[in-house]
């Protein structure tokens with residue numbers, strides 16, 4: 001709804017790929033986790049800044065119980081600490097400020113030292129090309145989440161091909 005996707009889109013992606021599928025939406029209720037499982041999602045997005053700690057913990061626990069990964073999205077050191085306190089093993093650092101929508105290309109690299117090596121690290125937003133992705137990989141990120149660059153690209157397949165080389 002918030003990211004202009006639909007249940008049909010998620011199911012189509014699941015059928016078209018063997019890769020894990022993230023339901024990228026604002027998960028704000030336990031029912032959202034159940035819906036994601038029914039739709040076939042492999043992972044849900046839990047945004048620390050959008051949830052109180054108790055609900056975040058409950059959503060994370062339910063996802064784990066249902067066998068769904070939870071990408072716990074953070075924006076700063078304080079949110080990373082909260083993610084770690086609830087036991088997150090998959091932490092995203094969003095470089096886009098959700099209030100201003102401005103992207104800080106250095107945010108993910110600045111805060112990576114706060115995330116333990118045992119945690120899977122995902123850099124989110126502001127990744128425009130393979131050079132950006134490579135810099136984040138060299139800094140220690142395990143994955144990148146790319147949306148806008150693919151949606152607005154003249155040739156999304158070219159970007160994907162470049163990224164696959166990394």
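Every read-out reported here was derived from the displayed coordinates using simple, explicitly stated rules and does not represent laboratory data. Keep in mind it's a predicted model, so treat the numbers as computed, not measured. As a convention, Cβ positions derive from the backbone with ideal geometry for all residues, glycine included, and neighbour counts pool all protein chains shown.
What length, rounded to one decimal in nm, is gained on full extension from residue 11 through to residue 162, with 0.36 nm per residue of separation minus their alpha-carbon distance? Before the final figure, lay out the partial values.
On the way: separation 151, 0.36 × 151 = 54.36 nm, distance 2.60 nm.
Fully extending the segment from residue 11 to residue 162 adds 51.8 nm.
Based on the mean of other beta carbon atoms within 10 Å per residue, what is the order of 138-146, 55-63, most packed first?
By packing density, highest mean first, the sequence is 55-63, 138-146.
Taking every pair of alpha-carbon atoms in the range 7-164, what share in percent sits in each 5 Å bin, from 0 to the bin with the longest distance?
Histogramming the range 7-164 at 5 Å steps yields 2, 9, 18, 20, 22, 17, 10, 2, 0 percent.
Is the range 53-135 rounded, prolate or oblate when judged by the Cα gyration tensor, a ≥ b ≥ c being the square roots of its eigenvalues, rounded requiring a/c under 1.5 and prolate requiring a/b larger than b/c?
Prolate, because a/c is 1.5 or more and a/b exceeds b/c.
For Cα pairs less than 8 Å apart in space and 6+ apart in sequence, what is the mean separation divided by the residue count of the chain, i.e. the relative contact order in percent?
Result for the chain is 13 percent.
Can you give me the distance in nm between label points at residue 89 and residue 153, each placed 7 Å from the Cα along the Cα-to-Cβ direction?
Each label point lies 7 Å from its Cα, and together they span 3.1 nm.
Which length gain, in nm to one decimal place, applies between residue 30 and residue 120 when the Cα-Cα distance is subtracted from 0.36 nm times their residue separation?
30.0 nm
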